[in-house]
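Here is the structure we will look at, set down as structure tokens.
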Amino acid sequence: MKGNFPLDKLKNIQTPFYFYDTGLLRNTIHAAKSAANKYNYHIHYAVKANANPRILSIIRENGFGIDCVSGGEIQAALNAGFPAGKIVFAGVGKADWEINLALDASIACFNVESIPEMEVIHSLAKAKGKTASIALRINPEINAHTHHHITTGLKENKFGINLDCLDTTLDKLETLSHVKLTGLHFHIGSQLTDLEPFMALCSRVNDIQKQLLKRKIIVDIINFGGGLGIDYEHPDRNPIPDFQAYFEVFYKHFPAYPHQQIHFEPGRSIVGQSGSLISKVLYVKEGSSKNFVILDAGFTELIRPAFYEAYHKIENLSSGEQPETYDVVGPICESSDCFARQIDLNKTQRGDYIAIRSAGAYGEIMASQYNCRRLPAAYFSDLL
Ligand code: LLP
């Protein structure tokens with residue numbers, strides 16, 4: 001089965017471009033929201049997955065907060081109307097101007113990843129006569145069993161404060177007057193389709209809470225980060241991730257203290273399935289060993305297959321003919337500019353429209369201008 005695309009309307013648009021199904025986006029947001037509400041959990045959407053202004057405004061209308069990792073993302077969040085009190089700021093390398101921007105906006109929380117960063121936030125806050133709320137991002141040393149480029153919670157990863165440095169960090173924190181500890185932050189990786197690592201995370205956080213209690217510390221907020229995966233193989237069968245099962249894991253395995261808030265930072269699971277990259281076939285090149293479908297989109301529009309060997313379902317929206325086997329490639333002058341090797345596609349010819357599915361997360365936002373290409377435009381199902 002192919003997705004539901006208004007081909008007649010799409011044919012009037014210059015390819016390649018992103019097409020967002022805003023109905024699906026809204027349904028996904030509602031599913032996440034109602035599953036979270038059941039346990040009184042809070043969602044901060046991870047803007048890194050997709051910062052398209054219209055998408056941000058749809059997410060903001062639904063009352064989510066926002067998780068940023070750069071000054072640019074904080075600016076995008078403010079421009080989209082997110083209240084500063086719902087912005088959290090993570091990232092292993094926050095520059096002084098970014099910290100100052102966040103302090104001036106009075107964001108809710110800095111997720112701090114090291115002692116030197118904590119010291120810089122303290123001194124910049126002090127200079128402004130402010131106190132910054134911080135959460136310590138702790139590296140929980142949990143293996144997320146996902147692609148090595150997108151696993152973050154292992155000791156060898158650059159992210160977070162190592163467990164064995166936690167006490168030293170807390171000692172240092174006690175000496176800093178312009179930072180206030182409000183939370184703990186974790187994130188173990190992305191595109192997790194197995195919920196087991198989240199259970200392991202819960203039990204690790206339980207242990208950390210016990211360790212903190214010995215120092216009479218109970219933080220207000222526990223932030224479990226993002227990471228819930230989507231079904232790249234079957235976007236039509238599973239258009240909305242199982243948020244209910246996801247939150248239930250935390251409800252069952254993490255007993256929060258009374259009044260403690262639980263936060264999540266989903267990115268991919270909110271926006272991933274609602275976006276597709278639409279491209280046109282430039283040429284079908286028949287070789288002696290294989291046939292190539294050459295698209296007008298390349299890794300400049302969607303880098304995930306080239307960068308992470310990621311699978312995206314590819315469909316020919318124009319053809320209902322018998323499938324043939326092709327390599328589907330882009331026009332960029334690099335061999336890695338390949339979306340899929342040896343896949344079956346309805347017999348394809350020049351001018352056919354191709355949809356590369358599940359591209360709503362880490363698609364448009366990771367586009368580049370390599371080869372002096374134009375950045376892709378975005379269109380929305382309810383505005384065509
Ligand atoms: N919170 C933190 C601290 C993160 O580092 C991330 C993602 C998220 C939340 C959101 O994770 P999600 O719910 O989207 O899995 N470009 C890669 C993914 C990189 C993820 C980076 N961090 C990809 O295309 O697969």
Hey, could you check region 279-298 for residues that are surrounded by 24 or more Cβ atoms within 10 Å (Cβ to Cβ) and within 27 Å of the chain's Cα centre (by Cα) and say which is farthest from PHE64 (Cα to Cα)?
-> LEU295
Restricting region 301-317 to residues that are assigned to a loop (DSSP other than H, G, I, E, B) and away from the ligand (no atom under 15 Å from the Cβ), the residue that is surrounded by the most Cβ atoms within 10 Å (Cβ to Cβ) | LYS313
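Taking the options LYS216, LYS210, name whichever one is assigned to a helix (DSSP H, G or I), over 30 Å from LEU24 (Cα atoms) and in the same structural domain as HIS44 (by TED's automatic domain parsing).
Answer to the check: LYS210.
Going through PHE247, PHE224 one at a time, which residue ends up being under 21 Å from the mean Cα position of the chain (by Cα) and near the ligand (Cβ under 10 Å from one of its atoms)?
Going through PHE247, PHE224 in turn, the sole match is PHE224.
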Pairing a residue in region 1-14 that is at pLDDT below 95 with any residue that is hydrophobic (A, V, I, L, M, F, W, C) and not in a loop (DSSP other than H, G, I, E, B), where Cβ atoms lie under 8 Å and the two sit 6 or more apart in sequence or on different chains, gives LYS2/ALA355; GLY3/ALA355
So the strands (runs of 3 or more DSSP E) completely within region 2-109 holding 1 or more residues that are more than 16 Å from the ligand (Cβ to nearest atom) and among the hydrophobic types (A, V, I, L, M, F, W, C) are 17-20
Residues of region 185-213 being within 9 Å of the ligand (Cβ to nearest atom) and of a type in the set (S, T, N, Q), which ones?
-> SER190, GLN191
Output for Cβ contacts, cut-off 9 Å, separation at least six or different chains, first residue closer than 15 Å to SER358 by Cβ in region 289-314, second modelled with pLDDT under 95 and small (Gly, Ala, Ser), reads LYS313/GLY3
Which condition does ILE262 not pass, out of (1) among the hydrophobic types (A, V, I, L, M, F, W, C); (2) in contact (Cβ under 8 Å) with a residue 60 or more places away in the chain; (3) more than 20 Å from LEU25 (Cβ to Cβ); (4) assigned by TED's automatic domain parsing to the domain that holds ILE354, if it passes all the others?
-> (4)
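From the list TYR362, TYR379, which residue is assigned to a strand (DSSP E or B) and in contact (Cβ under 8 Å) with a residue 40 or more places away in the chain?
Checking each option against the conditions leaves just TYR379.
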Which members of region 333-356 meet the condition of being closer than 12 Å to PRO305 by Cβ, crowded, with 19+ Cβ neighbours inside 10 Å and either away from the ligand (no atom under 16 Å from the Cβ) or touching a residue at least 60 places away in the same chain (Cβ under 8 Å) (or both)?
-> ASP337, ILE356
Select from region 251-291 the residues that are touching a helix residue (DSSP H, G or I) at 6+ places or on another chain (Cβ under 9 Å) and within 14 Å of the ligand (Cβ to nearest atom) and list them in ascending order.
-> PHE264, PRO266, GLY267, ARG268, SER269, ILE270, VAL271, GLY272, GLN273, SER274, GLY275, LEU277
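Give me a count of the residues in region 226-259 that are on the phi > 0 side of the Ramachandran plot and either free of Cβ contacts under 8 Å to residues at least 60 places away in the same chain or among the polar types (S, T, N, Q) (or both).
1
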Within region 111-155, how many residues turn out to be at pLDDT 95 or above and in a helix (DSSP H, G or I)?
-> 13
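The values are calculated or read from the model by the stated rules, or taken from the named source; none is laboratory data. Since we're looking at a predicted model, the values are computed, not measured. Every residue, glycine among them, receives a Cβ derived from its backbone with ideal geometry; neighbour counts consider all protein chains shown.
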